[in-house]
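The values are calculated or read from the model by the stated rules, or taken from the named source; none is laboratory data. As the structure is a prediction and not an experimental result, all values here were calculated from the model. Positions of Cβ are generated from backbone atoms using ideal geometry, with glycine treated the same way; all protein chains shown enter the neighbour counts. Heavy atoms of the whole protein, side chains included, go into the accessibility calculation; ligands, DNA and RNA do not. Shrake-Rupley method; radii C 1.70, N 1.55, O 1.52, S 1.80 Å.
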2 protein chains.
Amino acid sequence: MKLNTHNSKLSFVVILAGGSGTRFWPLSRETCPKQMLQIVGEDTLLRQTVKRINGFVPPENIWIVTTEDMSQDIRFHLEPLGPIARSIRMINEPVGRNTAPAIGLAALHLHHLSPESIMIVMPSDHAIPEHDQFQEDLKLAIKGAEENCLVTFGIKPNRPETGYGYIKIDDQKDARPDGLLKVERFVEKPDVPTAQKYISLGNYYWNSGIFVWKTSRILSEIETHLPSLYKTLKEIEVILFEPNKLNKPNKLNKPNKPNQPNKPNKLNEPESRSALCAMRYASLEPVSIDYGIMERSADILMVPATFGWSDLGSWTALDEIIEKDQDGNILKGNTIDIGSRNTIIFGGERLIATIGLKDMVLVDTPDATLAAPKERVQEIRKIVETLKQKGSEEYLLHKKVERPWGNYTVLEKGSGYKIKRVVINPGAKLSLQLHRKRSEHWVVVSGTAKVIRDSETYWVHTNESTFIPVNTKHRLENPGEVPLQIIEVQNGDYLEENDIERFDDDYGRPTVV
Amino acid sequence: MKLNTHNSKLSFVVILAGGSGTRFWPLSRETCPKQMLQIVGEDTLLRQTVKRINGFVPPENIWIVTTEDMSQDIRFHLEPLGPIARSIRMINEPVGRNTAPAIGLAALHLHHLSPESIMIVMPSDHAIPEHDQFQEDLKLAIKGAEENCLVTFGIKPNRPETGYGYIKIDDQKDARPDGLLKVERFVEKPDVPTAQKYISLGNYYWNSGIFVWKTSRILSEIETHLPSLYKTLKEIEVILFEPNKLNKPNKLNKPNKPNQPNKPNKLNEPESRSALCAMRYASLEPVSIDYGIMERSADILMVPATFGWSDLGSWTALDEIIEKDQDGNILKGNTIDIGSRNTIIFGGERLIATIGLKDMVLVDTPDATLAAPKERVQEIRKIVETLKQKGSEEYLLHKKVERPWGNYTVLEKGSGYKIKRVVINPGAKLSLQLHRKRSEHWVVVSGTAKVIRDSETYWVHTNESTFIPVNTKHRLENPGEVPLQIIEVQNGDYLEENDIERFDDDYGRPTVV
């Protein structure tokens, strides 16, 4: 179907990237949630999501909603996308409150840019390999949104999945010629017999979690079905966009107390306004857009997706999206197997040897390995909870940490020392910094380093080393054209990352001066 | 039962330590066979074996038979036992030829010391926790050997094991008052119904592989049942102990050839004699003592063992020797489990998280992980074979390598560099050495190093570093009282262990001068 080009300037993409999924542990970690993982395809799920929409709207019309905690990491994570990454705009939730508040907050921002704006809501952690197909289907969805409908994408089910919500389509008496289908209702996750019935009936689709609508329409739906969310959003709108209204004594400012004089002018300062927004947002009840809106609204249209899709809800979802070998296995990484069947091995450089596994999942990372039958992968979250309770932080972080200038990997931690391999991208430099509690030995193993140490500037070549004493301002830079790789041996009694004072930084991280 | 003290000066212990078992991979490796592993108990199996016999015979009466390849490593491995380690004598097989030739070779040596000598043959890789019980039973066995019988130890079976040979005891009509039982015959590994029958009959025992006999008697048995082995042993005897006989033209010297004049005097030189022995030994057919002798001999007595025993034939043997938790699991190392049953997890520092495993074995080492159902652990050898075929040498060695002066662990190998953590024991020093292809950066992270570099001698303290350029003679020593720990970053295109020229060594390793 050939559609006219949509008005891309009024179309905005909102990528929901606030999830901190534990279901892909040990590959996913607190600081590396699922959307940042490369599980399928050539890139991480989040970067694939951005690529999927690239060209459909101007880069500055791409917005990412995430939490304040993750915001900087997400920003750095997007860097490899090049110039488009810098155009993307971020909305930070002070805390996660599920999809309805996140979408409402984004709608508020976009509606402020234009009351005519259309928003395309996409999860950041789904797999959709066919970007062209996706954009074709999206044009159809935009058409529906322009008619002021709520538009969703439905996936034709190929198995009686009980982990998804379903969309029931109206009888096709008055079918639309453009292919958009009228939705009768959203239905919750079914049991197996019900799911089997849905499949045989043929007019049930999986709910993909991708939506298109006018911001005006979704805000109006929120007003109708989630009035308390709407009220808070309106309060936040005033704080964000009409701060002068705050000067007048109104409901937003509590009455004066003797020890706490009302200082309404302070609210014109961005920090105070931001804190006020945070307070308001944090007070919201978490609610999903499906439960809060879609199950209650009328005028919903559905695009029957022509693209492949998986929500990658757990390790076993790989079976739906990755091609298996003749024994039904998916073997990734350095594996050697004898006679396993229907098993997923997801490893890396370490050797994983397996014999005769059946319907298992085995995931290996440098510091943790997980083994479970497929039917019990939902219990991975219990493992993560136990680790949290035990305070086993290391298994909630990764050994390899991405940074805007490159990455580092902790090779070993011992009593009084820590060893890192540090990779600095060509042209990149770390912040000008200082450590109070540790000294650092650097051995350059490839490339050439430019080092600033106190008032000196000097070069350290491959197979040379240098020493940064404690309490000494220093900066490491890769002026070359190939990655600079150094082995850093830290010495000291306290070797945590937070022993750092930054004086200058290329990436806008907080400095002490 | 109280026995008189045996004549310990005429009793010799022969520990068979030539095995290179692959069944405990990935914990066992080519350079770290099963006898060197700490699988059960407080020490490695080999060191436990030595401790088990300690005090029963003088230390210099303990002999270890192993292969030439493993001999040095075994010697270093014994070091932690202290003075006793230095008294132990080694017999090196040029190549492994199974137990009958190994025992024959040992008998030859002991018989030369005294024709009255009694030899106690013990595998080096079995688990016997109760050392006192073992020594008590041994006294009874010696009594039998003094009567010129072949004495073996039988283990009362508690399950219809098909992996062991069995010993059938004579009807007890003429039972001996001392408790020694007359053996009717040795029987091969049975099938399950036969094993069940053996257990219900009550006069069948497992063959433990521990034997006691006079050297004169076993040599005479070899003469009878393995005449070709006997002939070769006699030839070796002449070469080892009567080299002057070699000067006379006899069968051992081939007739002169024109280009190869007979130089019989050369055979008085130890190297030539050793080469001749090696040639003779290598020509032997591999045969086990059970098949070659025990199944064919008469006059066999059996001690019904009062000690606990396991031959640790595979990972699943742990079930017999280690106490299980209430769900039948054995969980060793850094593990976190939800609801597994009858499963063995054998890990170390890395985190192993498991959910709902049943009857599985999961073994984790720093560079390789193995997972298999218990019923298929016999196939581990296929994994090892595949790794050999692939040339994946790294999984046949361990990351951590024991050395007489301490140990080193390879932390990372990359293009052009390798990182090691090196631990030097107090008072120990590495050889004076030189590398042709690599330079080394050393960062001391604990202790103090004494460094010789060319003509300099200097100290490097914690948090200091030094550099050893390529082609530079150097030596590293720990003159202190605590372990010295350094991080070594090697640089070069070729970073293998064999790039080393030794000039002086405290441990007798070959030097170039």
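Taking a quarter of the surface of the convex hull around the Cα atoms of the stretch B:460-506, what do you get in nm²?
Numbers: hull surface 17.6 nm².
Its Cα hull, projected and averaged over all orientations, spans 4.4 nm².
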Estimated [θ] at 222 nm from DSSP helical runs (n ≥ 4, -39500 (n - 2.57)) normalised by residues in chain A, nearest 500:
-7000 deg cm²/dmol
Longest to shortest principal axis, alpha-carbon extents of the protein assembly as shown, angstrom
116, 74, 73
Please state, as a whole number in µm²/s, the translational diffusion coefficient that the Stokes-Einstein equation yields for the stretch B:266-370 at 25 °C and 0.890 mPa s, with Rh defined as the Kirkwood radius across alpha carbon pairs.
133 µm²/s
Calculated on alpha-carbon atoms, Rg and Dmax of the stretch A:181-252 in Å:
19.8, 61
With one decimal in nm and the nearest listed first, the spacings from B:Met279 to its own position in the other copies, using label points 7 Å along Cα-to-Cβ, are 9.7
The stretch B:330-360 and the stretch A:400-418 have their Cα centres apart by a whole-number Å value of 28 Å
Please give me, ordered by residue number, the trypsin sites (Lys or Arg not before Pro) of the stretch A:12-44 that lie in loop per DSSP and have at most 13 other Cβ atoms within 10 Å.
none
Which log10 I(q)/I(0) values does the stretch A:289-333 give at q = 0.25, 0.31 Å⁻¹ under the Debye formula, counting every alpha carbon as one identical point scatterer?
-0.98, -1.09
Charge tally for neighbours of A:Ala449 with beta carbon under 9 Å away, counting Lys, Arg as +1 and Asp, Glu as -1, is -1
Which aspartates and glutamates have a Cα lying under 16 Å from the Cα of B:Lys399, excluding residues fewer than 8 positions away in the same chain?
A:Glu349, A:Asp367, A:Glu412, B:Glu30, B:Asp73, B:Glu349, B:Asp364, B:Asp367, B:Glu412, B:Glu488, B:Glu496, B:Glu497
XL table B:Lys34/B:Lys358; A:Lys324/A:Lys358; B:Lys413/B:Lys450; B:Lys400/B:Lys429; A:Lys51/B:Lys413; A:Lys420/A:Lys473; Cα-Cα > 24 Å flagged, in table order, is B:Lys34/B:Lys358; B:Lys413/B:Lys450; A:Lys51/B:Lys413
Over what distance in Å are the Cα centres of the stretch A:127-146 and the stretch A:1-63 separated?
14 Å
With the label 7 angstrom out along Cα to Cβ, how close does B:Phe76 come to the same site in each of the other copies, in nm, nearest first?
4.1
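With viscosity set to 1.306 mPa s at 10 °C, what whole-number translational diffusion coefficient in µm²/s follows for the stretch B:395-509 from Stokes-Einstein and a Kirkwood radius over Cα pairs?
Working: Rh = 14.2 Å.
Approximately 112 µm²/s, per Stokes-Einstein.
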Classify the stretch A:411-450 as rounded, prolate or oblate, taking a ≥ b ≥ c as the square roots of the eigenvalues of its Cα gyration tensor: rounded when a/c is under 1.5, otherwise prolate if a/b is larger than b/c and oblate if not.
oblate
For B:Met279, tell me the accessible area in Å² from a 1.4 Å probe, rounded to the nearest 10.
110 Å²
From the P(r) of the stretch B:99-232, could you give the percentage of C-alpha pairs in the tail past 26 Å?
29 percent
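Just tell me the longest site-free run in chain A, where the sites are GluC sites (Glu not before Pro) in a DSSP loop having at most 10 other beta-carbon atoms within 10 Å. List each step's numbers first, then the result.
Working: sites that count: A:Glu42, A:Glu323, A:Glu349, A:Glu481, A:Glu496, A:Glu497.
It works out to A:43-322.
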Please report, for A:Asp499, the nm distances (one decimal) from its label point, 7 Å out from Cα along the beta-carbon direction, to the equivalent points in the remaining copies, shortest first.
3.4
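So for B:Asp174, B:Asp290, A:Asp364, B:Asp69, what's the accessible-area order with a 1.4 Å probe, most first? Show your work: numbers first, answer last.
Details: B:Asp174 90, B:Asp290 40, A:Asp364 10, B:Asp69 140 Å².
Result of the area sort, largest leading: B:Asp69, B:Asp174, B:Asp290, A:Asp364.
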Based on the Kirkwood radius over alpha-carbon pairs, what value in µm²/s does the Stokes-Einstein equation return for the translational diffusion coefficient of chain A at 10 °C and 1.306 mPa s?
62 µm²/s
Specify whether the C-alpha gyration tensor of the stretch A:137-210 places it in the rounded, prolate or oblate class, a ≥ b ≥ c being the square roots of the eigenvalues: rounded for a/c under 1.5, otherwise prolate if a/b is larger than b/c and oblate if not.
prolate
Given labels modelled 7 Å from the Cα in the Cβ direction, how far is it in nm from A:Lys231 to B:Gln378?
7.4 nm
Send over the per residue convex hull volume for the stretch A:1-93, Cα only, as a whole number of Å³.
113 Å³
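For Cα pairs less than 8 Å apart in space and 6+ apart in sequence, what is the mean separation divided by the residue count of chain B, i.e. the relative contact order in percent?
13 percent
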